[in-house]
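Student: Questions regarding the structure given below will be posed in turn.
The values are calculated or read from the model by the stated rules, or taken from the named source; none is laboratory data. As the structure is a computational prediction, the values presented were derived from the model and not from experiment. No Cβ is skipped: glycine too gets one built from the backbone with ideal geometry, and neighbour counts run over all protein chains shown.
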Amino acid sequence: MTELTDLGVKAIRDGVTGGTFTAREVAEAFNAAVAAASQLNAFIVTTPEHALAAADKTDAVRAAGLPLGKLAGVPIGMKDLFATRGVQTTAASHILEGFKPQYESTVSQNLWNAGAGMLGKLNMDQFAMGSSNETSHFGNVISPWRRSDGGNAALTPGGSSGGSAAVVSGRITPAATGTDTGGSIRQPAALTGIAGIKPTYGRCSRWGVVAFASSLDQAGSMARDVTDCAIMLEAMAGFDPKDATSLDLPVPEWSANLSNDMRGKRVGIPREYRVEGMDPVIDALWQQGVAWARDAGAEVVEISLPHTSYALAAYYIIAPAEASSNLARYDGVRYGLRELPDHAGLQDMYAATRAAGFGDEVKRRILIGTYVLSAGFYDAYYTQAQKVRTLIARDFERAWETCDVILTPTAPNAAFALGEKLADPLAMYLNDVFTVPASLAGLPAMSVPAGLDGSGLPLGLQVIGKPFDEQGVLNAGLAIESRAGFSAKPEKWW
Ligand code: GLN
């Protein structure tokens with residue numbers, strides 16, 4: 001018998017709408033799955049009562065014969081970067097511990113309006129800084145995946161949306177929100193065998209999302225397949241006057257226009273993404289992706305994105321610069337933690353609070369960001385990085401003259417063991433090598449599960465699209481997904 005927790009977004013929504021089961025039954029099943037998964041440390045707080053209340057509301061709306069939302073009866077996990085009214089919101093940092101917002105982020109409100117409920121707030125890298133979920137104040141998330149050949153080493157689910165990736169791949173929630181500044185939806189999706197999309201910058205409101213690097217931050221959906229991602233993203237996206245960078249465009253019906261037929265489409269393969277020392281398994285998967293695109297009827301063309309090799313360096317200047325400015329607001333006066341040493345003046349209170357409240361990686365970013373913005377170094381680093389960002393955006397603009405979407409690997413490696421890259425920040429930053437360019441250019445991009453490595457761990461392929469062309473990205477993603485036939489899932493050990 002199919003368990004309710006085996007179902008994804010569309011199946012749940014359709015089942016609730018059609019009366020096959022009630023939203024309450026669904027919420028109870030997932031609340032139980034959440035309660036049974038505490039070993040994964042994927043939630044910072046759980047909110048079973050929120051899921052049940054939303055479900056009861058959906059069941060009442062249905063009983064009254066009134067129209068149901070796109071996500072009727074679908075309980076989801078909420079990354080702890082989204083402000084949720086009355087529910088602790090920490091960005092996985094000690095400095096916000098105990099902070100209960102008085103307001104709801106626009107994206108989470110949109111989800112509740114569509115009929116979704118909240119199972120809990122998901123663990124993540126602190127302030128979304130990281131690629132392995134190891135910078136959280138609340139401890140690592142442990143991936144539900146284990147190597148088939150190498151003992152039971154605890155693996156990373158990727159980051160920064162590591163809790164989101166872990167619960168979706170472990171069938172603990174049908175879907176989850178993520179945010180992506182340099183790859184934080186796509187890389188964890190790839191490492192856990194799920195789908196995840198970061199839309200065009202501005203599609204989802206940033207209002208009420210704890211800010212990391214405001215010119216890059218973008219929310220998106222993480223789910224088991226492309227269709228579920230499309231449905232959820234439709235509910236999340238939309239113009240919001242409260243975010244000055246919000247796109248004032250209608251949200252297309254992406255899920256109604258999905259097609260895995262790529263006839264007439266050109267798929268670009270950027271030669272600069274064939275980086276030296278790339279794992280041959282990743283390269284082989286990429287070639288397989290090319291074959292699937294051809295099978296879908298697409299024409300495959302080689303393209304050049306000549307400034308790719310500078311993207312990571314530019315990102316790791318721009319993102320910390322913006323973070324150092326955004327994180328100045330955490331001073332012990334207005335939110336969360338306050339450390340007050342004996343006989344302290346205001347400056348001492350600021351310093352003590354920030355020293356105790358921020359984790360090491362966050363401090364590293366604040367130091368780098370403050371340095372590259374300082375008067376003597378601003379032009380050498382920050383201005384230069386902004387110029388590189390423009391060149392990278394221009395690379396993509398040129399590429400769109402010869403192709404409609406771009407296909408690349410999502411990450412240079414499969415999931416690694418917790419602790420493996422922790423001592424070497426540069427090795428960790430390299431995880432973002434394929435995801436960062438699209439972020440710098442503000443482009444929509446998604447990861448779809450495409451295969452397994454020799455140890456039985458999932459690998460993803462990335463599709464990058466033109467601005468506002470989420471449909472093209474989702475359709476290419478679907479073309480790959482339907483040919484890859486990825487059905488692996490972690491065996492339950494928790
Ligand atoms: N791993 C990248 C970083 O640490 C990206 C994070 C993100 O997209 N939020 O900055």
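Condition check ((1) within 16 Å of the ligand (Cβ to nearest atom); (2) closer than 14 Å to residue 218 by Cβ; (3) in a loop (DSSP other than H, G, I, E, B); (4) without any contact (Cβ under 8 Å) to a residue 60 or more places away in the chain) across all residues:
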| position | (1), (2), (3), (4) |
| --- | --- |
| 437 | yes, no, no, no |
| 447 | yes, no, no, no |
| 456 | no, no, yes, no |
| 463 | no, no, no, yes |
| 467 | no, yes, yes, no |
| 473 | no, yes, no, no |
| 476 | no, no, no, no |
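Student: I'd like to check something: does the range 370-391 contain any residue that is among the aliphatic types (A, V, I, L, M) and assigned to a loop (DSSP other than H, G, I, E, B)?
Tutor: Here is the first cut: in the range 370-391, the ones among the aliphatic types (A, V, I, L, M) are 372-373, 375, 380, 385, 388, 391.
Now narrow it down to the ones that are assigned to a loop (DSSP other than H, G, I, E, B): 375.
Yes; the residues of the range 370-391 include at least one that is among the aliphatic types (A, V, I, L, M) and assigned to a loop (DSSP other than H, G, I, E, B).
Student: Among the helices (runs of 4 or more DSSP H) contained in the range 137-245, which hold 1 or more residues that are within 14 Å of the ligand (Cβ to nearest atom)?
Tutor: Of the helices (runs of 4 or more DSSP H) lying wholly inside the range 137-245, those with at least 1 residues that are within 14 Å of the ligand (Cβ to nearest atom) span 162-169, 186-192.
Student: For residues in the range 314-342 being part of a helix (DSSP H, G or I) and aliphatic (A, V, I, L, M), which is farthest from the ligand (Cβ to nearest atom)?
Tutor: Out of the qualifying residues, it is 328.
Student: Let me ask something additional. Name the pairs whose Cβ atoms lie under 6 Å apart, with the first residue in the range 375-388 and aliphatic (A, V, I, L, M), the second surrounded by 14 or more Cβ atoms within 10 Å (Cβ to Cβ), and 6 or more positions between them or separate chains?
Tutor: These pairs meet every condition: 385/314; 385/317; 385/318; 388/310; 388/314.
Student: Only one residue in 478, 443, 474, 457 is at pLDDT 95 or above, over 19 Å from residue 306 (Cα atoms) and under 16 Å from the mean Cα position of the chain (by Cα), so which one is that?
Tutor: Criteria check complete, one pass: 474.
Student: Now a separate question. Would you pick out the residues in the range 430-474 that are hydroxyl-bearing (Ser, Thr, Tyr) and out of contact with any helix residue (DSSP H, G or I) (no Cβ under 6 Å at 6 or more places or on another chain)?
Tutor: 439, 455, listed by residue number.
Student: For residue 330, state whether it is surrounded by fewer than 22 Cβ atoms within 10 Å (Cβ to Cβ), of a type in the set (Phe, Trp, Tyr) and within 30 Å of residue 207 (Cα to Cα).
Tutor: no
Student: From the list 362, 333, which one is at pLDDT below 95, out of contact with any His (no Cβ under 7 Å at 6 or more places or on another chain) and aliphatic (A, V, I, L, M)? If you could, list the steps in order and put the result at the bottom.
Tutor: Working: 362 fails: at pLDDT below 95.
Only one candidate passes the filter, namely 333.
Student: Any chance you could count how many residues in the range 158-184 are surrounded by fewer than 24 Cβ atoms within 10 Å (Cβ to Cβ) and within 11 Å of the chain's Cα centre (by Cα)?
Tutor: The total comes to 0.
Student: Consider only pairs whose beta carbons are under 8 Å apart and that are at least six residues apart or on different chains; among these, list those whose first residue lies in the range 124-141 and is at pLDDT below 95 and whose second residue is of a type in the set (Gly, Ala, Ser).
Tutor: From the range 124-141, no pairs qualify.
Student: For the range 475-494, which residues satisfy the criterion of being in contact with a helix residue (DSSP H, G or I) (Cβ under 9 Å, 6 or more places away or on another chain) and among the charged types (D, E, K, R)?
Tutor: Once the filter is applied, which keeps residues that are in contact with a helix residue (DSSP H, G or I) (Cβ under 9 Å, 6 or more places away or on another chain) and among the charged types (D, E, K, R), the range 475-494 yields 481, 483, 489.
Student: Same structure again: If you take the residues of the range 113-136 that are away from the ligand (no atom under 16 Å from the Cβ) and surrounded by 21 or more Cβ atoms within 10 Å (Cβ to Cβ), which of them is farthest from residue 40 (Cα to Cα)?
Tutor: Within the range 113-136, the subset away from the ligand (no atom under 16 Å from the Cβ) is 113-121.
Still in the list and also surrounded by 21 or more Cβ atoms within 10 Å (Cβ to Cβ): 115-121.
Values: 115: 27, 116: 23, 117: 21, 118: 18, 119: 15, 120: 14, 121: 14 Å.
Looking at the filtered set, the residue picked out is 115.
Student: Which of the following residues is modelled with pLDDT of 95 or more and within 22 Å of the chain's Cα centre (by Cα): 95, 76?
Tutor: 76
Student: From the list 34, 61, which one is of a type outside the set (Gly, Ala, Ser), over 26 Å from residue 144 (Cβ atoms), modelled with pLDDT of 95 or more and not in a loop (DSSP other than H, G, I, E, B)?
Tutor: Result: 61 is the single residue among 34, 61 that is of a type outside the set (Gly, Ala, Ser), over 26 Å from residue 144 (Cβ atoms), modelled with pLDDT of 95 or more and not in a loop (DSSP other than H, G, I, E, B).
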